[in-house]
Each structure stands twice: as C-alpha cells, then as structure tokens.
Amino acid sequence: MKKIILITFILISTLIYSQQIYPLNTTEARINYPSGSYFKDLDGELDPYIGLWKGTWEGKTLFIQFKKLKYMIGKTSDPHYIYIDRILGERKVIEANGTVSIDRISSFDNQNAQFDGIDEKLTNPSQKQIYFVTGICGITANLDVTFLDTAKTQMSLHFIYNPGYLDESCPYYNSMQQGTEPPLNFPKDIVLTKQ
C-alpha cells in the first residue's frame, strides 16, 4: 500500500511540476504563460544560424561562433520566469599580420555573450537582427542579418549603432563627441560564410 501511495505521489508531482513547452514564436505575451514555461525552437528556425562563420574586411578575418542555448529569463525565485531558446555568439578577430586581437570564442560566455538573439527588426518585422554588446563604454548595436543563399551558408551583417548615453569616464568620450568612432574592431558591413 505504501508503494502505491508513493508511486501515485511521484506521478502527481511530475504532472504538476513538469515544464510546459510552447513554440518559440508564440504570439501571445509570454507573461501570460505559467512560470517556468519553455519557449522552444520546435521548428528549427534558429538552426541555420548555429555554427562557425567566417568573413574578411580590411585584411582582417572575423570568426563568429553562434550557439543555440536554453536561456533563462528571470530567476527561479522570481514570481515569473521562463526559458527560451536563444542564439548567443562570440567572436574572434585576426589582424592582417596574423595577430589575434580578440578571442572570445575560446572562452565562450553563455551568460554574457557579445551577440544575443535573432529577433525581428521593429521597423521591418521580416528583417532579422542580432543584438551586439561591443564591450567598449557600454556601446551596443544591432546587426541586420540577411541570408544570401537558399542553403543559408552565407549571411551578410550590417552594423547599426544603438542610441545611448555615453559616460564621460569612457576613454573615447572626447573623440566620440567630435564624431570619431570608437575602436570596435568590427566592420560596418561584412559577408560571412559558414565553416
């Protein structure tokens, strides 16, 4: 009898506390779903982005590694938290002389990646964008993403600064106030090929 009660208790607990899975692009506001819900890429729409991408500009080589990860928004202690499949990315830049000036790929940061999400552009929902945290003085940008072939092995990125406040403690503050761009070591436009 004790075994039957224990098994019944385990089954009921599993049903009550099991994670509910919804499609990634559910149209209703995610706040309306139960806490702990998982918005999963059921259709594989993020899969074409996954992998190592390579491109060149001004003699430099850029590598971007994109991964699809189950990402928590909020904390389990919050009254409402969810999980969502997200594309996160890191980069590596090799200068024309062969020197590696940036390498975030070898220590990929799942919590603070430089590239985050494949989202719809607000002014054109059919255009996809990636959010880019430059790592310099809090400057962020969006990258318009366009696949150039049906096999989705080539993509173009177009860099667009996000407006924001620039702190006077930024070492590039004075030059940026005069219109000089900070040394982001990232192209305005580039074509990447999947490796």
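The values are calculated or read from the model by the stated rules, or taken from the named source; none is laboratory data. Just so it is clear, the structure is predicted and the values come from calculations on it, not from any experiment. Note: accessible area is taken over every heavy atom of the protein model, side chains too, but ligands, DNA and RNA are not part of it. Shrake-Rupley method; radii C 1.70, N 1.55, O 1.52, S 1.80 Å.
Quick rundown of the values:
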read-out	value
Percent accessible area from carbon and sulfur atoms, the chain, protein chains only, probe 1.4 Å	54
Distance histogram in 10 Å bins (all Cα pairs of segment 39-136, percent per bin)	14, 39, 33, 12, 2, 0
Helix-derived mean residue ellipticity, 222 nm - over the chain, DSSP H n ≥ 4, -39500 (n - 2.57), to 500	-3000 deg cm²/dmol
Three-way shape call for segment 78-195 based on the alpha-carbon gyration tensor, with the a/c threshold at 1.5	rounded
Contour excess over end-to-end distance, with Cα ends at PHE108 and LYS68 and 0.36 nm allotted per residue	13.2 nm
Built amide H within the under 5 Å cut-off of ILE102, gap 5+	VAL93
Between segment 134-193 and segment 29-79, the Cα center-to-center distance that results, in Å	19
Percent of Cα-Cα distances greater than 14 Å, calculated over segment 146-191	63
Entries of LYS75/LYS188; LYS67/LYS121; LYS121/LYS152 with Cα pairs more than 27 Å apart	LYS75/LYS188
Amide H partners (placed H, <5 Å) of GLN127, local residues excluded	LYS121
Under Karplus coefficients 6.51, -1.76 and 1.60, residue-wise ³J(HN,Hα) of segment 50-61 in Hz, glycine/proline x	5, x, 9, 10, 9, x, 10, 7, 6, x, 9, 10
